[in-house]
Amino acid sequence: MRHRKLFACILLSGIVLTGTAAASSPQAVKYILTKADYPVIVGQSKAQLELPLLNYEGHTYVALKDLDKLTGTQAKWNPQKNQIEINELTTFVSPDEYSSPESDWVTIINKQLQSINNQDEKTYWTLFTPEGKRNVPEFPQKKVIATFHYEFRNVTDTSADVLVDSILKVDGELRPTQAQYNFVKTGGSWKIGSFEF
């Protein structure tokens, strides 16, 4: 019976993952794989893979470069640590689900959360008003895994409160939370006036 479980090639020792990394390993082991004759469907569309889908003893293997496309993750070889590293998948609500000005706030929040995840303090602080920087004195040391619900309150032409249901990763644990934002319009642009998880 063929099990169509999807695994990354990372799980197979000895398969050439980056050109030289696994091939030069003294612990290399050879495996016989067969080309899979079935497609990978993402949503309702057939995935266009660069490299062949392979099957080994009923398990399906996908090349890391194709796994990136399928899952939205990024895999890279770390030569210093002699390992493959895959970033965590994050899912943020798309601003396309809203019209302006709500889409503007969602865009800013997504940019802010990405800057937190990337430890990009420079971008992070550009999103705040001067008062907002004083209201939020420290750069968050958290990882934001997902946002999934927005609520807009007290909306005027120059300010709004936005509540965002989110999932954080803190000390290796997933924690649901609700982030609270106050947006202020200054000089024709929206900026974060205050923020807290």
Let me check against my output: what whole-number percent is the relative contact order of region 59-151, with C-alpha pairs under 8 Å and at least 6 apart?
24
Ratio Rg/Rh [Cα only; Rh per Kirkwood] for region 120-197:
0.99
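Throughout, read-outs are computed from the coordinates displayed, never taken from laboratory work. Remember, predicted model here, so these are calculated numbers, not experimental data.
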